[in-house]
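Undergrad: Here you go, one structure.
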Amino acid sequence: ERRRAEEALRQSEERYRLLSLTDSLTGLFNSRHLMQALQSELDRANRYQRPLSLLIIDCDNFKKINDQYGHLEGDKVLQTLAGLITHSLRTSDNGFRYGGEEFVILLPETTGQAALALAERLRANFAETTVFSDAGEPICCTISVGVAQSLPGENEKSLIRRADKVGYEAKRKGKNLVLLAKNLADSF
């Protein structure tokens with residue numbers, strides 16, 4: 001009886017631990033967990049001199065979707081994107097909900113060029129995906145993606161800043177676009 005109670009307690013603790021790391025809407029990891037995982041992966045990449053790439057994904061015109069269809073329909077769009085992200089990941093990769101309609105993918109052992117290819121596949125798949133509202137109306141959405149490969153000795157804020165900067169540049173260039181940060185100068 002005591003062993004069963006201890007096992008139930010362990011399972012309960014694990015369930016609550018996972019809940020504290022996970023975004024309830026999308027099932028992806030949350031931004032708090034992103035900062036922990038990113039620091040750990042940067043340390044590993046620097047220690048072993050291995051590539052690490054990061055994608056920042058932002059839904060284009062998402063406010064317009066919420067305004068036109070409502071927040072529940074907007075949530076469906078986010079859940080659909082999260083599903084595509086999840087199905088695009090290798091076991092070593094992690095997906096995170098970074099903010100309202102922003103997502104991050106952390107790609108250990110991945111060069112910027114390989115991350116760019118993944119981001120482009122994800123962008124194309126999402127652009128071809130139609131979410132239907134409860135009323136049966138098609139809701140189409142695209143994403144803009146900033147990609148950055150970590151530089152030797154780079155910290156998490158700098159890596160995020162570089163990916164974010166080229167993501168905003170993708171939006172300025174017309175949206176539904178993927179861009180790769182080239183170097184540290186891309187962050188300023």
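The values are calculated or read from the model by the stated rules, or taken from the named source; none is laboratory data. These numbers come from a predicted model, not from an experiment. Here Cβ is always computed from backbone atoms with ideal geometry, including for glycine, and neighbour counts include all displayed protein chains. Surface accessibility is based on the protein's heavy atoms, side chains included, excluding ligands, DNA and RNA. Shrake-Rupley method; radii C 1.70, N 1.55, O 1.52, S 1.80 Å.
Undergrad: If you average the alpha carbon positions of segment 9-29 and of segment 131-173, how far apart do those two centres end up, in angstrom?
TA: 25
Undergrad: List the relative contact order of the chain as a percent without decimals, with contacts defined as Cα pairs under 8 Å and 6+ residues apart.
TA: Answer for the chain is 25 percent.
Undergrad: Considering the chain as a Gaussian network with a 10 Å cut-off on Cα pairs, which listed residue, PHE132, PHE103, PHE29, attains the greatest mean-square fluctuation?
TA: Evaluated over the chain, the most mobile residue of the options is PHE132.
Undergrad: Here's something else I'd like to know. For the chain, what % of the accessible area comes from carbon and sulfur atoms, probe 1.4 Å?
TA: About 51 percent, which is the carbon plus sulfur part of the accessible surface.
Undergrad: Using a 1.4 angstrom probe on the protein heavy atoms only, could you order HIS33, HIS71 from most to least accessible area?
TA: The ranking, largest first, comes out as HIS71, HIS33.
Undergrad: Here is a further query. Please give the per residue accessible area of segment 47-188, computed with a probe of 1.4 Å over protein heavy atoms only, in Å².
TA: Per-residue value: 49 Å².
Undergrad: Kindly provide the helix-only [θ] at 222 nm of the chain, computed as the sum of -39,500 (n - 2.57) over DSSP H runs of four or more divided by all residues, to the nearest 500 deg cm²/dmol?
TA: -17000 deg cm²/dmol
Undergrad: Would you list, by chain and number, the lysines whose Cα falls below 24 Å from the Cα of LYS165, excluding same-chain residues fewer than 8 positions away?
TA: LYS63, LYS64, LYS157, LYS173, LYS175, LYS182
Undergrad: Please give the peptides 40-50, 121-131, 12-22 ranked by average Cβ packing (other Cβ atoms within 10 Å per residue), highest first, as a rough proxy for protection.
TA: 121-131, 40-50, 12-22
Undergrad: For a test of the definition: using alpha carbon positions, the gyration tensor, and the 1.5 limit on a/c, classify segment 64-188 as rounded, prolate or oblate.
TA: Taking the square roots of the gyration eigenvalues as a ≥ b ≥ c, segment 64-188 is prolate.
Undergrad: Need the list of aspartates and glutamates near LYS76 for cross-linking: C-alpha distance under 19 angstrom, and skip anything on the same chain fewer than eight residues off.
TA: Hits, sequence-local ones excluded: ASP23, ASP58, ASP60, ASP67, GLU101, GLU102, GLU128, ASP134, GLU137.
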